[in-house]
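To keep things clear, I will list the structure first and then write my remarks on it.
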Amino acid sequence: MGKLFFGTYSRSLDPKGRLLLPRELGIAPGTTLYVMKGFEGCLSIYQEEEFHKMIEKLSSLSYEDPNSRAYIRLASASMNKLSLDKVGRVLLGKDLLFDYSIGKDVTLIGVLDHLELWDATSYAKYLLANASSYETLAGRSH
């Protein structure tokens, strides 16, 4: 596994739809990132190495299987290449943010091999619906 991401960060996007990444994530200005549709309404953000691993997983799915084919299409169509500017901001763009209902106030969370960008209100609702089941979810995951 490449760089490990964890933690929760509250942020506000600027009027151009730029996200200032927290310095503690250790992502250097000029780094190429990849963003794609995540699950439960978030956007998933990958560094290059982990993005290529995720592409390998997608490529291993059978395109003849209708469910795999639909997932491959939807995931691939949602992918965008991004670059961090010299200040550490990434331009997401208004169209991408609109398509995924992400407003000005966002929550960025580290999810081991990638980051997730959530609309702050949506993430608060997700936490409300799932946080009380933490122990149960942990037990089912093993």
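The values are calculated or read from the model by the stated rules, or taken from the named source; none is laboratory data. All values reported here derive from a predicted model rather than from experimental measurement. Glycine also receives a Cβ, built like all others from the backbone with ideal geometry; neighbour counts cover every protein chain displayed. Each accessible area value is taken on the protein alone, full model and side chains, heavy atoms only, with ligands, DNA and RNA left out. Shrake-Rupley method; radii C 1.70, N 1.55, O 1.52, S 1.80 Å.
Using the charge dipole of the chain (Lys, Arg: +1 at Cβ; Asp, Glu: -1 at Cβ; taken about the Cα centre), state which of Gly30, Leu117, Tyr134 has its Cα farthest towards the positive end.
Of the options given, the answer is Gly30.
Please give the per residue accessible area of the chain, computed with a probe of 1.4 Å over protein heavy atoms only, in Å².
Per residue, the chain has 63 Å² of solvent-accessible surface.
In region 18-120, what trypsin sites (Lys or Arg not before Pro) fall in a loop by DSSP, with at most 10 other Cβ atoms inside 10 Å?
Those that pass, being in a loop and sparsely packed, are Lys86.
Note the full-extension length gain between Phe98 and Ser68 as 0.36 nm times their separation in residues minus their Cα-Cα distance, in nm to one decimal.
Computed gain between Phe98 and Ser68 is 8.2 nm.
Could you check how much of the accessible area of the chain is carbon and sulfur, as a whole percent, using a 1.4 Å probe?
Roughly 55 percent, rounded to a whole number.
At q = 0.09, 0.14, 0.16 Å⁻¹, what is the log10 ratio I(q)/I(0) for the chain, with the Debye formula run over Cα points and no solvent?
Listed by q, the Debye log ratios stand at -0.29, -0.72, -0.93.
Too long at a 19 Å Cα-Cα cut-off: which of Lys3/Lys37; Lys57/Lys94; Lys53/Lys81; Lys81/Lys125; Lys37/Lys94?
Lys3/Lys37; Lys57/Lys94; Lys81/Lys125
Let me check against my output: what whole-number percent is the relative contact order of the chain, with C-alpha pairs under 8 Å and at least 6 apart?
37
Only four residue types carry charge here, +1 at the Cβ of Lys and Arg and -1 at the Cβ of Asp and Glu. Report the dipole size of region 1-91 about the Cα centre in Debye, rounded to the nearest 20.
With only Lys, Arg, Asp and Glu charged at Cβ, the dipole is about 340 debye.
Tell me what the chain gives for mean residue ellipticity at 222 nm when only DSSP H runs of n ≥ 4 count, each as -39,500 (n - 2.57), the sum divided by the residue total, rounded to 500 deg cm²/dmol.
-10500 deg cm²/dmol
Provide the FRET efficiency to the nearest 0.05 for the Arg140-Lys86 pair, computing r from the beta carbons and using R0 = 41 Å.
0.40
Out of region 94-142, which chymotrypsin sites (Phe, Trp or Tyr not before Pro) are coil in DSSP terms and have no more than 11 other C-beta atoms within 10 Å?
none
Using the basic label-point model (7 angstrom from Cα toward the beta carbon), what is the Ser132 to Leu58 distance in nanometres?
Distance between label points: 3.7 nm.
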